[in-house]
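Just below is one structure, and these are the notes that go with it.
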Amino acid sequence: MIRILSNRMSDTSKFFAYAGRPPMKSLLVCLLLLATITLSAEDAKRYEVKTAIIKKEIVAMGMKLAVTTYFDDYGKKEAVEITVKDGITVGVDKHTRTLMTDSTVLNIDLDLKVATKIPLPQKPVNYLALTPEIMEQFKMQEAGESEIAGKPCKKYTLEITQMGQKITITTHVWKGISLKTETVANGTTVATETATEIQEDASVSSEKFVLPEGTVIKSL
């Protein structure tokens, strides 16, 4: 869901070329790219499941991260929460939540209560409303079938461009929901996101879809 969104990223290959643990800010920008593939604030129904809590694992830039996606109203409301070890202080984790509006992504630091607003460069793909025009726009192709977390999926490949760099994404979709995403930039796999547990028709708190009280919003 997970989606890679940065207006300051001048070179994708440099962005991912870190030795050892990457800086936290860069890792979170990487995770936002995954988020753009799965999040949306569009009015159209995005999923065939009304509510769910989906636990995933992201492997990105040499790190494994625990991710939980919450959605309600068939995907009209959606949030992704990520716990990241900061790599500096042993035993200290960083907790973030990602929300999307029509034109921006909000990445919320739940510990510091600071949210960063990032312009959304393009709308995510709605897999329940694919048209020949969308298939052509994203250079999408069907790529067979798979099974993720016990759910039968249809595979798609698509291409997007960020700051002049081609990014190829393979997505495994069940009922409109991306259960696995593999992201390749410049021929190198930079991130994978895989569902490990799916709770259908789960009760999801409305607090997951709003800014926590007292959060300060900053723009990049």
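Observations, loosely collected:
- If the condition is being touching a Lys or Arg at 6+ places or on another chain (Cβ under 7 Å), open to solvent by less than 20 Å² (accessible area, probe 1.4 Å) and within 10 Å of Phe138 (Cβ to Cβ), then the range 155-173 contributes only Leu158.
- Just one of (1) over 26 Å from Gly187 (Cα atoms); (2) at pLDDT below 85; (3) under 16 Å from the mean Cα position of the chain (by Cα) fails for Pro124. It is (1).
- Subset of the range 188-220 (residues that are small (Gly, Ala, Ser), open to solvent by less than 40 Å² (accessible area, probe 1.4 Å) and assigned to a loop (DSSP other than H, G, I, E, B)): Ala202
- Any hit, the range 178-185, residues being crowded, with 16+ Cβ neighbours inside 10 Å, within 21 Å of Val125 (Cβ to Cβ) and modelled with pLDDT under 90: yes
- Contact map, the range 52-74: first residue of a type in the set (Ser, Thr, Tyr), second residue open to solvent by 20 Å² or more (accessible area, probe 1.4 Å) and at pLDDT 90 or above, Cβ cut-off under 6 Å, separation 6 or more or different chains; pairs are Thr68/Lys55; Thr68/Glu81; Tyr70/Ile53; Tyr70/Val204; Tyr70/Lys208; Tyr74/Lys50.
- Ala129 fulfils the conditions (1) in a loop (DSSP other than H, G, I, E, B); (2) over 17 Å from Lys77 (Cα atoms); (3) open to solvent by less than 20 Å² (accessible area, probe 1.4 Å); (4) hydrophobic (A, V, I, L, M, F, W, C) except for a single criterion, (3).
- Number of residues in the range 96-116 that are hydrophobic (A, V, I, L, M, F, W, C), in a strand (DSSP E or B) and either under 17 Å from the mean Cα position of the chain (by Cα) or surrounded by 16 or more Cβ atoms within 10 Å (Cβ to Cβ) (or both) equals 6.
The values are calculated or read from the model by the stated rules, or taken from the named source; none is laboratory data. Treat the numbers as computed from the prediction; the structure is a model and nothing was measured. Please note: Cβ atoms are built from the backbone with ideal geometry, for glycine as well, and neighbour counts cover all protein chains shown. Side chains included, ligands, DNA and RNA excluded: accessible areas come from the protein's heavy atoms. Shrake-Rupley method; radii C 1.70, N 1.55, O 1.52, S 1.80 Å.
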